[in-house]
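Sending over a structure as structure tokens; questions will come in a sec.
Every number here is computed from the coordinates shown, using simple stated rules; none is lab data. Because the structure is predicted, anything quoted here is derived from the model rather than measured. Using ideal geometry, Cβ is built from the backbone for each residue, glycine included, and neighbour counts are taken over all protein chains shown.
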Amino acid sequence: MREEGRNETELSDEDLRAALSGMKSFVDITEEDLRKIYALALVHARQRAVFGGPVRDVMTVSVITVSPQADAHEAAQLLADNKISGLPVTDKDRRVLGVITEADILALAGMKREHTFLDIIRHLLGEPVPRKTGSTVGEVMTSPAITIGPDDEMGEAARIMDERRIKRLPVIGDGGKLIGLISRADIVRAVGSR
């Protein structure tokens, strides 16, 4: 019978002593060290269970794309009509060339974007801060696109999106061809269903 409020996977001091005495050789480790190792391993196992599945299991396969020759206004309309914040830019063979996002469109409209540290240094030295100009998707897209493979783990996709502060990753297969898209929302849905 389980004690009230105690997790079934929690270790007791008796469990630790039994594990240590069950070892057939001398182990130079304290119960406290073993408890810390177990706690860290348990956190890792839980994260693996939640984020360990392959990207292919949660990616969206029906992906709206745009060509680099398309008018930027067309891309803006696609974003608005489909209530999405970005989409892959692909060539006629579905190879990913870049991504166009709401931020790219807003930069065309004159709204300020986040600038890199290098941009700030250049500005302080009197150089102009780069701005998006152009009328076609190819002229204003962010390139190269940050992508991921279908067999990479969801946790890797989440890490990349977090580090790069992006909301989606095109999923590419052989020859750099687009086979899907994984977004933060896809990962949240997957975690919620586990």
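Arrange the peptides 141-148, 71-78, 85-92, 22-29 so that the one whose residues have, on average, the most other Cβ atoms within 10 Å appears first.
Details: 141-148: 17.9, 71-78: 16.4, 85-92: 19.6, 22-29: 7.6.
So the peptides 141-148, 71-78, 85-92, 22-29, ranked by packing, come out 85-92, 141-148, 71-78, 22-29.
Report the label-to-label distance for residue 143 and residue 13 in nanometres (one decimal), using points 7 Å from each Cα along the Cα→Cβ vector.
Simple spin-label model gives 6.6 nm for this pair.
If each of residue 35 and residue 167 carries a label point 7 Å out from its Cα toward its Cβ, how far apart are those two points in nm?
4.5 nm
Excluding residue 146 itself, what net charge comes from residues whose Cβ is under 10 Å from its Cβ, given Lys and Arg +1 and Asp and Glu -1? Write down the numbers at each step before the final one.
On the way: positive: 164, 168; negative: 163.
Computed value for this residue: +1.
Quick one: which residues, 5+ away or cross-chain, put their amide H under 5 Å from the amide H of residue 136? H built at 1.01 Å from N.
72
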